[in-house]
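Accompanying notes for the structure given below.
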Amino acid sequence: MSISLTGCLDTITGGEGGLGGVGSNVGEERREVVTTYDDALAARNDATETRNTGVKLFNAGEHARAMESIETALGGYEDAEASFAEAAELATALTEEEAASICDVAREETATQIEATEAALAAATAAEEGADASTINEHVTEFQEIEAEASALTVEDTEVLAETLGLQ
């Protein structure tokens, strides 16, 4: 599981050569990449917790509440995906390809989480609407398979990105 350093970004000094020092535009741009990524990571982690709550509600037979929770998670994942994409674009503009790659993998993993969450929502919706067990189970299986795909991708901690950009 990824850990967000939200609130700790003021400790990033800029590393070698004063990259984060006063008047250093490159350092500020690198910090913006890290801040954008960190915000995305926090949104992704929150969405995962919210979806997990929805899955627990689904398993408890509380399908309407599960749908609400899963829909909220879906919005959180979508916001996170957009922010990871923005961080990747910022890193690319700085010609920081390794950092851009870290951001893009996180975006890809989050896009896969969106697909999994859509399948979970379909299962909860089908259950709420009284669909047969076979239909519901198809959605559950789809969710599990896509979730396994997402688990194969590594979303790096914010600290790894900061180190890659020379900000540690």
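Please identify the pairs in which a residue from the range 40-65 that is closer than 14 Å to T125 by Cα has its Cβ atom under 6 Å from the Cβ atom of a residue that is of a type outside the set (D, E) and outside any helix (DSSP H, G or I), counting only partners at least 6 apart or on another chain.
Between residues of the range 40-65 that are closer than 14 Å to T125 by Cα and residues that are of a type outside the set (D, E) and outside any helix (DSSP H, G or I), there is no close pair.
Please go through the range 86-120 and pick out each residue that is closer than 13 Å to A40 by Cβ, among the acidic types (D, E) and open to solvent by 20 Å² or more (accessible area, probe 1.4 Å).
Once the filter is applied, which keeps residues that are closer than 13 Å to A40 by Cβ, among the acidic types (D, E) and open to solvent by 20 Å² or more (accessible area, probe 1.4 Å), the range 86-120 yields E86, E89, D104, E108.
So, in the range 92-117, exactly how many residues are in a helix (DSSP H, G or I) and more than 15 Å from D79 (Cα to Cα)? Full working, then the answer.
So in the range 92-117, the residues in a helix (DSSP H, G or I) come out as 92-93, 97-117.
Pick out the ones that are also more than 15 Å from D79 (Cα to Cα) and you get 92-93, 97-102, 105, 116.
Result for the range 92-117: 10.
Which is in contact with a Lys or Arg (Cβ under 8 Å, 6 or more places away or on another chain), open to solvent by less than 50 Å² (accessible area, probe 1.4 Å) and within 30 Å of N25 (Cα to Cα), of L161, L167?
L167
Scanning for something charged (D, E, K, R) and either open to solvent by less than 20 Å² (accessible area, probe 1.4 Å) or not in a helix (DSSP H, G or I) (or both), does the range 67-85 turn up at least one residue?
No, the range 67-85 has no match at all.
Is it the case that E89 is part of a helix (DSSP H, G or I) and under 18 Å from V160 (Cβ atoms)?
In short, no.
Looking at this structure, is A148 without any contact (Cβ under 8 Å) to a residue 12 or more places away in the chain, out of contact with any strand residue (DSSP E or B) (no Cβ under 7 Å at 6 or more places or on another chain) and not in a helix (DSSP H, G or I)?
No; evaluated as a whole, the condition is false for this residue.
The values are calculated or read from the model by the stated rules, or taken from the named source; none is laboratory data. Keep in mind that this is a model prediction, so the values were computed, not measured. Positions of Cβ are generated from backbone atoms using ideal geometry, with glycine treated the same way; all protein chains shown enter the neighbour counts. Protein only, heavy atoms only, side chains kept; ligands, DNA and RNA dropped before computing areas. Shrake-Rupley method; radii C 1.70, N 1.55, O 1.52, S 1.80 Å.
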